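Below is one structure; the comments refer to it alone.
The values are calculated or read from the model by the stated rules, or taken from the named source; none is laboratory data. What you see is a predicted model; the values in this text were computed from it and never measured. With ideal geometry, Cβ positions are generated from the backbone for all residues, glycine too; neighbour counts draw on all protein chains shown. Heads up: the accessible areas ignore ligands, DNA and RNA and are worked out on the full protein's heavy atoms, side chains in. Shrake-Rupley method; radii C 1.70, N 1.55, O 1.52, S 1.80 Å.
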Amino acid sequence: MGSALRNRSWVVDLLAIFFGIGTWLGVNGTFIQLPLLVDEAPEGWSLPSYLSLMVQIGNLGPLLYTAIQKYSPKKLNDGWTIHGVLLVGATSCLLTAFFYNRTAPVGDTDHSLALFVLTCFTALNACTSSVLFMPYMGRFKEQYMVTYFIGEGLSGLLPSVTALVQGIGESGDCILVNVTEAGEQIYELQKSPPRFDTRVFFLILFGLMVLSYVGYTLLNALPLARREYAQVTVSEGNKYVYGEADRDANQPAQVEKLTKGQYTYMLLLIGAISLFSNGMFGSIQSYSSAPYGAKAYHLSATLSVIANPVACFMAMFLHFTSLRLITVLSILAGLLTSFVFTTAALSPVPPLHDQTIGAVLVVTAWTLLVGIVSYTKLGITTVMRAQGGQSLVWVGSITQLGSAIGSVAIFFAINYSSLFQDAPSGC
């Protein structure tokens, strides 16, 4: 632990965290703001389905970047490309603050066209970060990949905390509004208005995106940051070759070269993990935990978001690169995934839904699941970084592919099947 604290620049750590915040901040913030957005959107509660589709359009970014890297690597400068991607993300957050409720007719129906278009650009920043930002961090010493992932975790936590301050997620109170002639009491669920509106929320996200842009700019320009580069040669097409001195100095556990089979296994594993964690978990969490009560739902949502950066912070001190441990953690994550999918599929009456122990189990399962998945993904990324070449680009590409497949699959499962049923809400 002492070595982990000494052999690093805390300024570079902080800048890497700022840089990581600019990855999925806009997309996470948009979905967290849904309880307020649906009140003004003509789509109502079908809005999340439309936004999920817009996010998938953002995958055109990594596809275009990967194609240019393969066929015309000389025409692409990663440093300036990252500047452009972050500026797109910041600008889309700023414009969303002022145009999120603007509608336009599409056919015979009004739609939130401005929000759709701006979400596409927000997603372009988020999706491209997987194949661009993470490989960029590969030029730094290995320990800074961990703090970058802490920042990526904070891209989900910070909007959640902002929304909690705003007042989103409060369960509300059941108020007696009428009594029928037969003596039946009619209650209505009433919630307090938010402390600030959606415009202020997105302006806060814009401020965080500016912070991320400043963090990257300093990370890319400061001599202090450049001194923390690994011993690496970066050739055309984002191919990395690490020197022996870098491996010996910065890897507590020596990462050996993977066989072709092991390399493929790591890519398939990160793809499968991303399919569930990025593509499906967010869509099924309400089905899984809401039947256990509003408090259980909000606790599972909040603690699972916190678990991501906490797991990455732990990796600063509990470093691992063992393929066996990665496999064991993946199996454990698979068991927990089976549990949360079972509770979601059995909604609105999953096992123990009317008992406190059921709520405790589902909250614990979601918190552990997200923490283990985050820790495992970081372990896989660390192993793949050591392989050099375009390994980090491959990790980012497979991550996005898995996420897209998962999102599309769960979209059809929720909207075009009876597999998932909403838990009753209200009084």
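Could you please state how large a percent of the accessible area of the stretch 258-426 is carbon and sulfur, counting protein chains only and using a 1.4 Å probe? Using a 1.4 Å probe with all protein chains present, the stretch 258-426 comes out at 70 percent carbon and sulfur. Going by alpha carbons, how many degrees (0 to 90, nearest 10) lie between the helix axis of 260-277 and the longest principal axis of the chain? Helix 260-277 and the main axis of the chain meet at about 20 degrees. Accessible area per residue for the stretch 258-426, computed on protein heavy atoms with a 1.4 Å probe, is 44 Å². So what is log10(I(q)/I(0)) for the stretch 48-146 at q = 0.13 1/Å, when the Debye sum runs over its Cα atoms only? Debye output, listed in q order: -0.55.
Taking other residues whose beta carbon is less than 15 angstrom from the beta carbon of LEU346, and scoring Lys, Arg as +1 and Asp, Glu as -1, yields -2.
Share of carbon and sulfur in the accessible area of the stretch 101-154 stands at 57%, probe radius 1.4 Å.
The stretch 321-395 and the stretch 90-155 have Cα centres spaced 24 Å apart. A Förster radius of 45 Å combined with the Cβ-Cβ distance from LEU64 to ILE186 puts the calculated FRET efficiency at roughly 0.20. I'd like the orientation of helix 47-57 relative to the chain: the angle between its Cα long axis and the longest Cα principal axis, in ° from 0 to 90, rounded to 10. Around 20 degrees separate the two axes.
FRET efficiency for the ILE57 to ALA104 pair, using the beta carbon distance and R₀ = 25 Å, is estimated at 0.90. Multiplying the residue separation of ARG226 and ILE331 by 0.36 nm and removing their Cα-Cα distance gives an extension gain of 33.9 nm.
The candidates PHE202, PHE196, arranged from most to least accessible area with a 1.4 Å probe in the full protein assembly, appear as PHE196, PHE202.
Hey, what angle do you get for helix 294-314 against the long axis of the chain, alpha-carbon based, 0 to 90 degrees rounded to 10? With both axes taken from Cα atoms, the answer is about 10 degrees. Annotation: average projected area of the stretch 258-426 is 10.1 square nanometres, based on the convex hull of Cα atoms across all directions. GNM remark for the chain: springs join alpha carbons under 10 Å apart, and the peak mean-square fluctuation among TYR416, TYR213, TYR144 falls on TYR416. Over 28 Å, how big is the tail of the calculated P(r) for the chain, in percent of all Cα pairs? Every Cα pair in the chain considered, those over 28 Å come to 50 percent.
Calculation over all alpha carbon pairs of the stretch 338-401 in 10 angstrom steps from 0 returns a P(r) of 19, 33, 21, 18, 8, 0 percent. What's the FRET efficiency of LEU419 with ARG324 using the Cβ-Cβ distance as r and R₀ = 56 Å, to the nearest 0.05? Calculated value: 0.95. The modelled label-to-label distance between LYS295 and LEU34, using points 7 Å beyond Cα along the C-beta direction, is 2.5 nm.
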